[in-house]
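What follows draws every value from the coordinates through simple rules; no lab data is involved. Quick caveat: nothing in here was measured; it's all calculated off a predicted structure. Counting neighbours? That spans all protein chains shown, and the Cβs are built from the backbone with ideal geometry, glycine included.
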Amino acid sequence: MNSSAHRPSFGFSSLRHTITWFLILVLLIYSLYSSKFILNKPDNPDCSVPASPHLSAKDNLEKDDVLTPPTNTSSDQEPARKTALLAAPFPERQDTTLQLKHVVFGIAASSSLWESRKEYIKLWWRPNETRGVVWLDSTVNVSKEEEGALPELRISEDTSSFKYTHRQGKRSALRISRVVSETLRMGMEDVRWFVMGDDDTVFVVENVLRVLSKYDHNQYYYIGSSSESHIQNIFFSYAMAYGGGGFAISYPLAKELETMQDRCIQRYPGLYGSDDRIQACMAELGVPLTKETGFHQYDVYGNLLGLLGAHPVTPLVSLHHLDVVDPIFPGLDRVESLRRLFESAEHDTASIVQQSFCYDKDSHLGGIVVEFCLPVGKQLCTYGSVAAEKVK
């Protein structure tokens with residue numbers, strides 16, 4: 001019989017008691033630890049531990065705003081601060097009104113025709129008021145008396161490196177097409193518009209401002225008009241501003257044109273003139289023509305009375321080709337006729353060559369409406385009668 005079968009297991013019983021007491025101790029410690037948070041629960045929720053570590057920075061900032069007391073400004077510093085704020089000048093409001101100083105004229109001229117064409121420029125140019133440059137192909141003689149009555153004279157840059165293949169045209173078109181870009185490079189300040197014209201173009205300066213003031217000079221604008229001749233428009237384009245009648249380019253567009261024009265005109269050697277080269281570059285820039293019918297190319301001959309009498313209801317901006325049309329006033333030469341026209345324009349530039357309707361109750365016509373076809377004194381037409389009285 002094996003005596004070891006009834007021997008008591010002291011090792012196993014001791015281990016069981018040890019584990020039991022260990023578990024009791026753990027439960028006691030856990031109970032004490034839990035009772036500490038239950039009995040000492042904080043009343044202020046802002047002192048609690050944030051539920052998410054990602055929100056701790058935001059909570060800390062909010063607590064800083066709540067707990068940090070504002071800095072108190074002493075009573076003697078507050079009046080001084082208010083006085084300083086009241087004394088601070090308001091920013092000056094910029095005058096957005098278009099003025100003559102904001103417009104720069106670029107005039108394309110020929111030295112061979114300068115002696116006669118300069119008289120046209122003198123008619124509309126205002127010394128010390130208008131800004132601009134006459135661009136010539138070679139030097140000309142100007143007397144000291146004329147220096148103050150004419151714009152600055154400059155010689156255009158050499159264009160011999162540019163290709164020109166039109167058989168009937170002249171290479172001077174290359175030089176003239178770059179007038180706006182060369183004027184821009186002079187670096188004039190406070191410029192909003194560049195206005196291009198020829199030496200036989202006359203401008204009504206007030207009406208130039210009146211028309212351009214309708215547009216935002218900070219945007220891309222290419223403003224002018226087509227020809228009065230249907231044939232000319234067919235040969236060239238209805239969407240082109242004819243250069244002789246003048247056209248206007250906003251300053252931002254002129255800057256953009258200057259950066260690409262030399263490359264642009266190299267791509268069109270077969271074009272005839274300067275204005276179609278400008279229009280080609282405008283097409284590449286994606287800028288269409290904004291038509292203003294007050295710019296007049298006048299590709300016509302003879303008497304202008306019909307065209308002037310049927311002038312659209314818009315300010316007269318320019319006249320061109322004055323050497324090939326009859327004088328506006330019979331009995332006077334071309335320059336004297338234009339001088340009389342500008343004398344009339346001094347009184348009311350907006351109504352020049354505009355049809356005006358008047359009602360004179362005291363006249364012998366018995367209250368008939370009277371139409372002044374040309375308020376410059378050219379012709380008087382009366383409605384209700386077949387007679388047309390010439391006014392001297």
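Taking only the Cα atoms of segment 100-351, the ratio Rg/Rh comes out at 0.93, with Rh defined as the Kirkwood radius.
For Thr165 and Leu100, what does the FRET efficiency come to when R0 = 35 Å and r is the distance between their Cβ atoms, rounded to the nearest 0.05? Walk me through the intermediate numbers first.
Working: r = 40 Å, r/R0 = 1.16.
My answer for the efficiency is 0.30.
In a fully extended conformation the segment linking Asn218 and Val142 would gain 23.7 nm over its present Cα-Cα distance, using 0.36 nm per residue.
Using only alpha-carbon positions in segment 161-273, the gyration tensor eigenvalues give semi-axes of 24, 19, 12 Å once each is multiplied by 5 and square-rooted (largest first).
Taking R0 as 25 Å, what's the FRET efficiency between Tyr238 and Leu285 from their Cβ-Cβ distance, rounded to 0.05?
Working: r = 19 Å, r/R0 = 0.76.
Approximately 0.85, to the nearest 0.05.
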